[in-house]
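**Student:** Quick one: the structure is below, questions incoming.
The values are calculated or read from the model by the stated rules, or taken from the named source; none is laboratory data. Just so it is clear, the structure is predicted and the values come from calculations on it, not from any experiment. Using ideal geometry, Cβ is built from the backbone for each residue, glycine included, and neighbour counts are taken over all protein chains shown. Accessible surface areas use protein heavy atoms only, side chains included; no ligands, DNA or RNA. Shrake-Rupley method; radii C 1.70, N 1.55, O 1.52, S 1.80 Å.
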Amino acid sequence: MCRRQREQLRRLCRARLLLAAWLVTASAAPRLAAAAETVPALPQVLRIGTSGDYPPFSVERDGTRVGFDVELAERFAREAGMRIEWVSFRWPELAGDVAADRFDVAMSGVTATPERAVIGYLTRAVATSGPCVLGSATPKRVAVNRGGALERFARRRFDAAEVRAVDGNLSLPELLARGEVDAIVTDRFEITHFRGRGKGAWPEACEPPVDRKVFWVAPARARDLGPRLD
């Protein structure tokens, strides 16, 4: 092979290599751009859903929020460089609010359930608890907070009793003290705040602490916010 032919062959090989490299780069660029677009940036404003009626996790009185979840939320936001926007929710509407991304995460002593696990992201447990009955062990009338895991427990446990689901969770001890119900359903954490509201001590009985208390991240933030909360 003469010198001219060898030079032409080298040029042809070089051109083919350049063409192949260009094709690889061109085909990869859209995929890289698409991948970058699917990674959401952390929000500068962290929208936190809270019921404000569940001691000791979140309680709101006179416009002031206190509680374990409130303090943890404030510390997390501060260290992450975010500003908190508090969003109030009612327990019966909680699942719909999470599914609709009405806020980024619910932090209010939320109990992990199979039904909730299919929506968004349930974090690791921050505490474990169990249902408690305050008052008569064989009540004819039972009061419980509406819309939560405790209402399902009350209806299953006292299927022959009249179950009164109320929207004002903090009003449960008053209903028992006034004799409007024979017992109320609460849990191991909350019962310490409900004891002794009447004239004497009420009987109480608690189930084993197997319920996991978690933070419930809405679908839009499940991928980036959930692991960070864990």
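**Student:** Considering only protein heavy atoms and a 1.4 Å probe, what is the carbon-and-sulfur percentage of the accessible area of region 101-230?
**Tutor:** Details: 3050 of 6130 Å².
Whole-percent figure for carbon plus sulfur exposure: 50.
**Student:** If you build the Cα gyration tensor of region 93-152 and take the root of 5 times each eigenvalue, what three semi-axes come out, in whole angstrom, biggest first? Numbers along the way, then the final one.
**Tutor:** Working: eigenvalues 143, 38, 17 Å².
Semi-axes, largest first: 27, 14, 9 Å.
**Student:** Once region 171-214 is represented by equal point scatterers at the alpha-carbon sites, with solvent omitted, what log10 I(q)/I(0) does the Debye formula produce at q = 0.14, 0.19, 0.27, 0.29 Å⁻¹?
**Tutor:** Log-scaled intensity ratios, in q order: -0.35, -0.60, -1.03, -1.15.
**Student:** Moving on to the next point. Each residue of region 131-146 in turn: what ³J(HN,Hα) in whole Hz from Karplus with 6.51, -1.76, 1.60 and θ = phi - 60°, glycine and Pro shown as x?
**Tutor:** x, 10, 10, 10, x, 4, 7, 10, x, 8, 10, 10, 10, 7, 5, 6
**Student:** When the chain is fully extended, how far beyond the present Cα-Cα distance does Cys206 get from Arg90, taking 0.36 nm per residue of separation?
**Tutor:** On the way: separation 116, 0.36 × 116 = 41.76 nm, distance 2.50 nm.
Stretched fully, the Cys206-Arg90 segment lengthens by 39.3 nm.
**Student:** Same structure again: What is the spin-label model distance, in nm, from Thr64 to Arg228 if the labels are put 7 Å beyond Cα along the C-beta direction?
**Tutor:** 3.0 nm
**Student:** Once you place label points 7 Å from the Cα toward the Cβ at Ser136 and His193, how far apart are they in nm?
**Tutor:** 2.7 nm
**Student:** Is region 51-143 best put as rounded, prolate or oblate by its Cα gyration tensor, with a ≥ b ≥ c the root eigenvalues, rounded for a/c under 1.5, and otherwise prolate when a/b is larger than b/c, oblate when not? Write out the running numbers ahead of the final one.
**Tutor:** On the way: a/c = 1.90, a/b = 1.49, b/c = 1.28.
Cα axes put region 51-143 in the prolate bin.
**Student:** For region 124-230, report the accessible area per residue in Å² (1.4 Å probe, heavy atoms, rounded to an integer). Could the numbers behind the result be given before it?
**Tutor:** On the way: 5300 Å² over 107 residues.
With the other protein chains kept in place, region 124-230 gives 50 Å² per residue.
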